[in-house]
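The values are calculated or read from the model by the stated rules, or taken from the named source; none is laboratory data. Quick caveat, the model's predicted, so the values are computed rather than measured. So basically every Cβ, Gly included, is an ideal-geometry build from the backbone, and we count neighbours across all protein chains shown.
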């Protein structure tokens, strides 16, 4: 019995401490996440602007880097859409010409800061293979038919300006502001992480068993590129979905296999899902109006949205999968 | 009545004004989920906040009467010393954490860890509370008119918990206790004083079994 009491005190120190106020605040606010799903099609041209306002409001929670996954303008089945990131200067026009010639397909390429979105009349697998051999210096941020992922080091407000977020239309989007706690501050370590075709994950929290899980996933053939704990969570979902789980099944299984504190938001082609760890250590708020559904680490991000004064607002329960538009 | 609009006035200006004002009434509009609104007041002021607030609203409150028109984020009325804080909507986790006195009234629900480490505050929740509420609660009363989540009163000391609805799994060393006439009367007075419509006879009482207070010598060989 005394042992049990000691362990509970440790939990207690993690969630609420009697140490000075400022220290508690700093310890509790690692990263911010936001998500918005538009029910009103009339708002679709404004999606980027709405997301930008939410993201900037979460700057205090994550000043190290920012990123978004945005779903828009789905391409036909015969084509695919990839987001590429170039760490150094890239001659995107030359790449487009080279791709079109080598893959013998029409290529559309839209540059946005250090990233470019490529739409090509070919299968995603063939394009990924070609890029992997011909251009290993380029990182594939996302692949699918509607998803676009942009992420970069620096303050959210700078990210919003650099990537011209207010120009972007779309149906739904997720965003993340990162306060690095367990790995380096780089674009590669930033969120969202792609978890498969048109899928992505953002994470607020920290996983404690990510090293062991990373080894297991690599044994299963999942490509994990960094030492980041959130990428392991993304890789885990990718593995489970590949093994035939539905997204909900994969998330239910994650509750058993992932150890640590987390609120996850998972983007899918048609919507998004939210999951909090079983003791709800990390915050999350949700809100819904006739026009949109939103989630955020804190209400002040949702407070930026139009019509919020009439929104239904609630806090998602721990260990419960919430999803929209799937 | 003095009015602050947080679209134009800063939270710091508001709090400084509240710290400097010995009495009076004040309204706050457009809180928009901002943090630390009306914190550290040590004056008999009445504050009315129109909307939803963020983290640590009304923290360390002393003597002031604070009403929040909407929902409250984590740690509302944390370490409250005296006075009262009323939330018209729902409260996020750790409401009234480590509160030493005064009254916290939540007209909606409170989420996890409501009244964690409370040390004398009275907390009345018209709705339900989440898991690990009254964790390590030392003194004061937590009244829940709805249901209580799992691990209620885990490692509780001498605080008193009253629940009208269902209770999930009780926490370590928390047990149901007899509801005496004195407890019913005391609870009745608290419900009347806080304006929460409920019948004191409908509640059950929970508290410490006092089994964790001392090291159990029977386990000495385990270490």
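Per-structure values
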{"read-out": "Subset of region B:15-31 [crowded, with 20+ Cβ neighbours inside 10 Å and within 14 Å of chain A (Cβ to nearest Cβ)]", "value": "B:31"}
{"read-out": "Region A:256-289: number of residues that are surrounded by fewer than 20 Cβ atoms within 10 Å (Cβ to Cβ) and either within 15 Å of the chain's Cα centre (by Cα) or more than 22 Å from residue B:133 (Cβ to Cβ) (or both)", "value": "9"}
{"read-out": "Only listed residue being within 13 Å of chain A (Cβ to nearest Cβ) and in contact with a helix residue (DSSP H, G or I) (Cβ under 8 Å, 6 or more places away or on another chain), chosen from B:43, B:79, B:71", "value": "B:71"}
{"read-out": "Residue A:29, sole failed condition from (1) more than 14 Å from every other protein chain (Cβ to nearest Cβ); (2) modelled with pLDDT under 95", "value": "(1)"}
{"read-out": "Single condition residue A:280 does not satisfy, out of (1) touching a residue at least 40 places away in the same chain (Cβ under 8 Å); (2) closer than 30 Å to residue A:56 by Cβ", "value": "(1)"}
{"read-out": "Condition broken by residue B:180, with the remaining ones in (1) on the phi > 0 side of the Ramachandran plot; (2) surrounded by fewer than 21 Cβ atoms within 10 Å (Cβ to Cβ) satisfied", "value": "(1)"}
{"read-out": "Qualifying residue in region A:296-305 (condition: within 14 Å of another protein chain (Cβ to nearest Cβ), within 17 Å of the chain's Cα centre (by Cα), closer than 26 Å to residue B:32 by Cα and not in a loop (DSSP other than H, G, I, E, B))", "value": "yes"}
{"read-out": "Residues located in region A:98-124, provided they are under 24 Å from the mean Cα position of the chain (by Cα) and assigned to a loop (DSSP other than H, G, I, E, B)", "value": "A:113, A:114, A:123"}
{"read-out": "Residue tally, condition surrounded by 24 or more Cβ atoms within 10 Å (Cβ to Cβ) and either within 12 Å of chain A (Cβ to nearest Cβ) or more than 22 Å from residue B:8 (Cβ to Cβ) (or both), over region B:46-57", "value": "6"}
{"read-out": "Residue that is surrounded by 11 or more Cβ atoms within 10 Å (Cβ to Cβ) and in a loop (DSSP other than H, G, I, E, B), where the choices are B:156, B:161, B:175", "value": "B:156"}
{"read-out": "Qualifying residue in region A:257-279 (condition: part of a helix (DSSP H, G or I) and either under 30 Å from residue B:35 (Cβ atoms) or more than 14 Å from chain B (Cβ to nearest Cβ) (or both))", "value": "yes"}
{"read-out": "Tally of residues being in a loop (DSSP other than H, G, I, E, B), more than 10 Å from the chain's Cα centre (by Cα) and either within 12 Å of another protein chain (Cβ to nearest Cβ) or within 11 Å of residue B:97 (Cα to Cα) (or both) across region B:114-126", "value": "1"}
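Residues checked against (1) in the same structural domain as residue A:296 (by TED's automatic domain parsing); (2) surrounded by 17 or more Cβ atoms within 10 Å (Cβ to Cβ):
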position	(1), (2)
A:83	no, yes
A:87	no, no
A:97	no, no
A:122	no, yes
A:141	no, yes
A:156	yes, yes
A:165	yes, yes
A:173	yes, yes
A:177	yes, yes
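Every residue, every condition in (1) touching a helix residue (DSSP H, G or I) at 6+ places or on another chain (Cβ under 6 Å); (2) without any contact (Cβ under 8 Å) to a residue 40 or more places away in the chain; (3) under 23 Å from residue B:149 (Cα atoms), yes or no:
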{"position": "A:270", "(1), (2), (3)": "no, no, no"}
{"position": "A:276", "(1), (2), (3)": "no, no, yes"}
{"position": "A:300", "(1), (2), (3)": "yes, no, no"}
{"position": "A:304", "(1), (2), (3)": "yes, no, no"}
{"position": "A:311", "(1), (2), (3)": "no, yes, no"}
{"position": "A:318", "(1), (2), (3)": "no, no, yes"}
{"position": "A:324", "(1), (2), (3)": "no, no, no"}
